[in-house]
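A quick write-up on the structure given underneath.
The values are calculated or read from the model by the stated rules, or taken from the named source; none is laboratory data. For clarity, every value in this text was computed on a predicted model and none was experimentally measured. Here the Cβ positions follow ideal geometry from the backbone for every residue, glycine too, while neighbour counts run over all protein chains shown.
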Amino acid sequence: MPLPPITIDDLPLGGVVPGSGPGAAGTGEQLLSFRLGAEIFIIPIETIVEILRWRPVTPVPHAHPVVHGVLSLRGRIITVLDGRRRLGMEAPAPDATSRIIVMRDGDEPVGVLVDEVRDVLRLPADAVQPVPPGVGAAAERGIAGVCDRGGDELLVRLDPSRFLACDEGA
């Protein structure tokens, strides 16, 4: 029997990005941060339906290479994409820290396999910078911008609709 889903309320709050100014804690957009490889990515929490602990999925023969498989979520079959493959990264086998982030793609839920879910952050609107010149192909895979969190940590913002569109630019 699978473990119950993790809800947004179960996640630690990561606070406001340093340098975002006084009083910013109550403003800005809330984003979920997660890890794929060594990189940290962020997506708006309003696109998230729920977060599941890793569970085996059923492979689909001849499916798009980004599709990890399908699973039954309370009687509804959903597609699970491999977040690493979607971004052109090596995709090792999932482990105990792996999660499936279930997001809305229009009316349909779609799962995304990630290495680890980190926390919920609040970012001011101007914290995310556009994708730098020379990495335009990144936008085709759903990368919408980058945020410098301070130190050596960059947060890569994903556009959920482009990221979930595995039939384009994958």
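Considering each residue of segment 122-131 in turn, none proves to be within 19 Å of P59 (Cβ to Cβ) and either in contact (Cβ under 8 Å) with a residue 60 or more places away in the chain or more than 15 Å from the chain's Cα centre (by Cα) (or both). Looking across segment 142-168, the residues that are modelled with pLDDT under 85, surrounded by fewer than 19 Cβ atoms within 10 Å (Cβ to Cβ) and within 14 Å of L81 (Cα to Cα) come down to D167, E168. Would you be able to say whether some residue in segment 132-141 is surrounded by fewer than 12 Cβ atoms within 10 Å (Cβ to Cβ), within 21 Å of S33 (Cβ to Cβ), free of Cβ contacts under 8 Å to residues at least 40 places away in the same chain and not aliphatic (A, V, I, L, M)? Yes, that holds for at least one residue. Working only within segment 103-117, note down all residues that are at pLDDT 95 or above, charged (D, E, K, R) and under 19 Å from D159 (Cβ atoms). Selection gives nothing. Selection of segment 104-113 for residues being surrounded by fewer than 24 Cβ atoms within 10 Å (Cβ to Cβ) and closer than 15 Å to E50 by Cα yields R104, D105, D107, E108, P109, V110, L113.
Yes/no per residue for (1) farther than 26 Å from E29 by Cα; (2) at pLDDT 95 or above; (3) small (G, A, S):
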{"position": "M89", "(1), (2), (3)": "yes, no, no"}
{"position": "A93", "(1), (2), (3)": "yes, no, yes"}
{"position": "I101", "(1), (2), (3)": "no, yes, no"}
{"position": "P132", "(1), (2), (3)": "no, no, no"}
